[in-house]
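The values are calculated or read from the model by the stated rules, or taken from the named source; none is laboratory data. Here the structure is a predicted model, which is why all the values come from computation and not from measurement. Here the Cβ is made from the backbone with ideal geometry for all residues, glycine too, and neighbour counts use every protein chain on show. Please note that ligands, DNA and RNA were not included when accessible areas were found on the heavy atoms of the full protein model with its side chains. Shrake-Rupley method; radii C 1.70, N 1.55, O 1.52, S 1.80 Å.
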Amino acid sequence: MSIISKASVALTVLFSAAVFSVNAQQGIPKGAQILMKVYPDFVKGYQGGNLLFADGTRMQYDDGREKSFVQKLDDSDPEDMFAFKYDRRSWTPEYLQDAGRSRCEPFFKKMYGATEAQVRAKLVNVPWFGDKVLFTTVNGAADSLRAVAAELAKHPEFRSYLKSSGSFYWRKVRGANRLSAHSYGMTIDIGVAKSDYWLWKNPGKGETAKIVYANRIPHEIVLIFEKHGFIWGGRWYHYDTMHFEFRPEILAANP
């Protein structure tokens, strides 16, 4: 076979592989594709409306129910986690855009642990500006926090904002019957003395009320966290500006 023919065959094979790859993604919801990409140790595929996990189990991606804003927080399926916008082009969140507050509890328990003991078994101490914080090794979260710390260490002007206010803590969200992101060991709060929380600024307001936004955390700190896979609670309409949560799927869905 001539060199030209061999090259033609090689190009045909590459083209066919590319077409197969594209066809393989057809019919798979974008959110499911993102979960397969960012959590490859756990989510191995999608079939018949279900996420396929490495341990052989499956989970319904979309339960097909119409849900209110609050139901998407309290009773989330994996599809609901992509229902809101995480706007990285604006520093003032739009009404009820809380991308990241919706967490499918069975999905996160599958990855990080279904009980406090299971989560604790995967935690390590990560040095954090004169302190050590407990963080999970799952999905490389602890390594990502180390990378954040290394980059922030180059900015002494931010030091007063970086004191840890807590990382792992197995508990329910205050006022709700769902686990806090802190329960999974992939969340850290910093600089509580210089932070703002929507209920502190808007006492007595409900989840769908109009509220006043506030923030004192420098945007440069946020951008460093986001660079390494963390979302910021200050980008939520119901803001929590001390809160940084390892959620690469939210960033992938909102480039």
_Among (1) assigned to a helix (DSSP H, G or I); (2) open to solvent by less than 60 Å² (accessible area, probe 1.4 Å) - the single one residue 146 does not satisfy_ = (2)
_Yes/no for residue 55 being touching a residue at least 40 places away in the same chain (Cβ under 8 Å), out of contact with any Asp or Glu (no Cβ under 9 Å at 6 or more places or on another chain), outside any helix (DSSP H, G or I) and under 25 Å from residue 137 (Cα atoms)_ = no
_Long-range neighbours under 8 Å by Cβ, at least six apart or interchain, first residue more than 18 Å from residue 114 (Cα to Cα) within segment 164-181, second open to solvent by 30 Å² or more (accessible area, probe 1.4 Å) and among the hydrophobic types (A, V, I, L, M, F, W, C)_ = 164/129; 165/192
*asked:* Please determine whether any residue of segment 118-135 is free of Cβ contacts under 8 Å to residues at least 60 places away in the same chain, within 23 Å of residue 56 (Cβ to Cβ) and not acidic (Asp, Glu).
replied: yes
*What are the residues in segment 57-100 that are surrounded by 21 or more Cβ atoms within 10 Å (Cβ to Cβ) and on the phi > 0 side of the Ramachandran plot, if any?*
100
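Residues are listed down the side, and each one gets a yes or a no for (1) touching a Ser or Thr at 6+ places or on another chain (Cβ under 9 Å); (2) farther than 24 Å from residue 236 by Cα; (3) outside any loop (DSSP other than H, G, I, E, B); (4) not aliphatic (A, V, I, L, M):
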{"site": "71", "(1), (2), (3), (4)": "no, no, yes, yes"}
{"site": "88", "(1), (2), (3), (4)": "no, no, no, yes"}
{"site": "96", "(1), (2), (3), (4)": "yes, no, no, no"}
{"site": "102", "(1), (2), (3), (4)": "yes, no, no, yes"}
{"site": "110", "(1), (2), (3), (4)": "yes, yes, yes, yes"}
{"site": "117", "(1), (2), (3), (4)": "no, yes, yes, no"}
{"site": "126", "(1), (2), (3), (4)": "yes, yes, yes, no"}
*From the list 207, 157, pick out the single residue that is farther than 23 Å from residue 125 by Cα, surrounded by fewer than 21 Cβ atoms within 10 Å (Cβ to Cβ) and modelled with pLDDT under 95.*
207
*Leading residue by the ranking (modelled with the highest pLDDT) among those in segment 160-188 that are part of a loop (DSSP other than H, G, I, E, B) and more than 23 Å from residue 228 (Cβ to Cβ)*: 170
*Do the conditions hold for residue 18, that is, is it at pLDDT 95 or above, open to solvent by less than 60 Å² (accessible area, probe 1.4 Å) and part of a helix (DSSP H, G or I)?*
no
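Could you check how many residues of segment 116-143 are among the polar types (S, T, N, Q) and open to solvent by 60 Å² or more (accessible area, probe 1.4 Å)?
3
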*When segment 210-223 is examined, which residues are found to be crowded, with 18+ Cβ neighbours inside 10 Å and either touching a strand residue (DSSP E or B) at 6+ places or on another chain (Cβ under 9 Å) or of a type in the set (Phe, Trp, Tyr) (or both)?*
217, 221, 222
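Before we move on, is residue 194 open to solvent by 50 Å² or more (accessible area, probe 1.4 Å) and touching a strand residue (DSSP E or B) at 6+ places or on another chain (Cβ under 6 Å)?
Working: open to solvent by 50 Å² or more (accessible area, probe 1.4 Å): yes; touching a strand residue (DSSP E or B) at 6+ places or on another chain (Cβ under 6 Å): no.
Spelling it out, it is not the case that residue 194 is open to solvent by 50 Å² or more (accessible area, probe 1.4 Å) and touching a strand residue (DSSP E or B) at 6+ places or on another chain (Cβ under 6 Å).
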_Given (1) part of a helix (DSSP H, G or I); (2) over 20 Å from residue 227 (Cα atoms), number of the condition residue 151 does not satisfy_ = (2)
*In segment 231-255, what residues are under 18 Å from residue 112 (Cβ atoms), touching a Leu at 6+ places or on another chain (Cβ under 8 Å) and not in a helix (DSSP H, G or I)?*
231, 246
